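Notes follow the structure.
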Amino acid sequence: MTTDSPVLVEQRAGYRVITLNRPDKLNAFNDAMHEALRKMIEDAEADESCRALMLTGAGRAFCAGQDLSDRLLKPGETPVPRTSLEKYYNPLIRKIRDLPFPVIAAVNGVAAGAGANIALACDIVIASLKANFVQSFARIGLVPDSGGTWVLPRLVGDARARGLALLAQDLSAEKAASWGLIWRAVDDEILMHEATRICEHFAQAPTQGLALIKRALSASAGNTLDAQLDLERDLQRVAYIMPDYAEGVRAFMEKRKPKFTGRKK
Ligand code: T3D
């Protein structure tokens, strides 16, 4: 991998940092970038020492969604429905949600279109105060994708979701945090430091338990309270017999820091 690869990866102790790397295009997605990102996420998943993933962007943007220069019709050309959602965006969102460890979006600048919704699919979203989130689809006659119409009403309520999707106005990171769309907005100078601290925390955390928490939270949106209580019982049973729970209790009683096992069973 060279520094002109569309996606860069850095392996650190217990986690990886993936950087979308088409800064001249504000890290907009073309097919090569999709393929590279998919491979890097699969590699991270296959590596049992990887216990968290940070996703960020090179240059002044996080990601501007689909590269629209690949969608420019020639005069007289008839538009045909694209398969990119089925082929790339939907599997990416499902993968982020299903990974057995937390994914942290370090949103360093503008996150637009699918770029915004890829960030919002991550487990923890921390953004620079310089960043903003734009559901830019309505500006170009498209429908929000990459889970935007699912996640927005759940995070900010129907009124704000409609405003964001239909008006397609910029939402500052500060407002995104105050609306509950993201975890935190921080000064630009400390964004990477804070995102790194979160990853380092997860690299020592009870990863198998965190994977179960992700499952429970993902299922909750479609569940009744009754069904969710049953799911919590079932997942708790799984957690109960894992060594991390025994270690967590022992460490608590011994007033020391727990030493969790990682992703291995
Ligand atoms: O077809 C399918 O596959 C369906 C899937 C769709 C998924 C989607 O994501 S659809 C939504 C696509 N994205 C957008 O509509 C966002 C387009 N970009 C913008 O609205 C603005 O660039 C931003 C709000 C993100 C940032 O604005 P600003 O003023 O800070 O920067 P800029 O001057 O507009 O952009 C800087 C450069 O990046 C510029 O190139 P230049 O003039 O310096 O050569 C601009 O053309 C380029 N750029 C930005 N976004 C894209 C892009 N080039 C191609 N595709 C982009 N999405």
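The values are calculated or read from the model by the stated rules, or taken from the named source; none is laboratory data. Remember, predicted model here, so these are calculated numbers, not experimental data. We place every Cβ from the backbone using ideal geometry, glycine too, and count neighbours over all the protein chains shown. Ligands, DNA and RNA are stripped out before the accessible areas are found, and what is left, the full protein with its side chains, is counted by its heavy atoms. Shrake-Rupley method; radii C 1.70, N 1.55, O 1.52, S 1.80 Å.
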Legend entry - Filter result (over 26 Å from the mean Cα position of the chain (by Cα), assigned to a helix (DSSP H, G or I) and closer than 14 Å to Ala205 by Cα) within segment 227-245: Pro243, Tyr245
Legend entry - Those residues of segment 104-128 which are assigned to a strand (DSSP E or B), within 16 Å of the ligand (Cβ to nearest atom) and open to solvent by 10 Å² or more (accessible area, probe 1.4 Å), in sequence order: Val110, Ala112
Inset, instruction - Starting from segment 52-67, take each residue that is within 6 Å of the ligand (Cβ to nearest atom) and list its partners that are open to solvent by 10 Å² or more (accessible area, probe 1.4 Å) and of a type outside the set (S, T, N, Q), counting only C-beta distances under 6 angstrom and pairs at least six apart or across chains. - result: Ala64/Leu26; Ala64/Ala112; Gly65/Ala112; Asp67/Lys25
Inset, instruction - Run down Val9, Val80, Val17 and say which single residue is touching a Ser or Thr at 6+ places or on another chain (Cβ under 9 Å) and over 19 Å from Ser128 (Cβ atoms). - result: Val9
Inset, instruction - Being open to solvent by 60 Å² or more (accessible area, probe 1.4 Å), in contact with a strand residue (DSSP E or B) (Cβ under 8 Å, 6 or more places away or on another chain) and part of a helix (DSSP H, G or I) narrows it down to one of Glu200, Glu194, so name that one. - result: Glu200
Inset, instruction - Pick out the one residue from Asp43, Asp98 that is modelled with pLDDT of 95 or more, charged (D, E, K, R), open to solvent by 80 Å² or more (accessible area, probe 1.4 Å) and away from the ligand (no atom under 14 Å from the Cβ). - result: Asp98
Inset, instruction - Please give the number of the condition Arg97 fails out of (1) over 23 Å from Ala58 (Cβ atoms); (2) out of contact with any helix residue (DSSP H, G or I) (no Cβ under 9 Å at 6 or more places or on another chain). - result: (2)
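Identify all residues within segment 8-30 that are within 16 Å of the ligand (Cβ to nearest atom) and not in a loop (DSSP other than H, G, I, E, B); write none if there are none. Working first, answer last.
Just the residues of segment 8-30 that are within 16 Å of the ligand (Cβ to nearest atom), to begin with: 20-30.
Listed by number, the residues that qualify are Leu20, Pro23, Asp24, Lys25, Phe29.
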Inset, instruction - Output the helices (runs of 4 or more DSSP H) that fall wholly within segment 137-184 and possess 3 or more residues being under 30 Å from Leu73 (Cα atoms) and open to solvent by 90 Å² or more (accessible area, probe 1.4 Å), or say none. - result: 158-167
Inset, instruction - Residue by residue through segment 53-78, note down the ones that are farther than 22 Å from Ile124 by Cβ, among the small types (Gly, Ala, Ser) and not in a loop (DSSP other than H, G, I, E, B). - result: Ser69
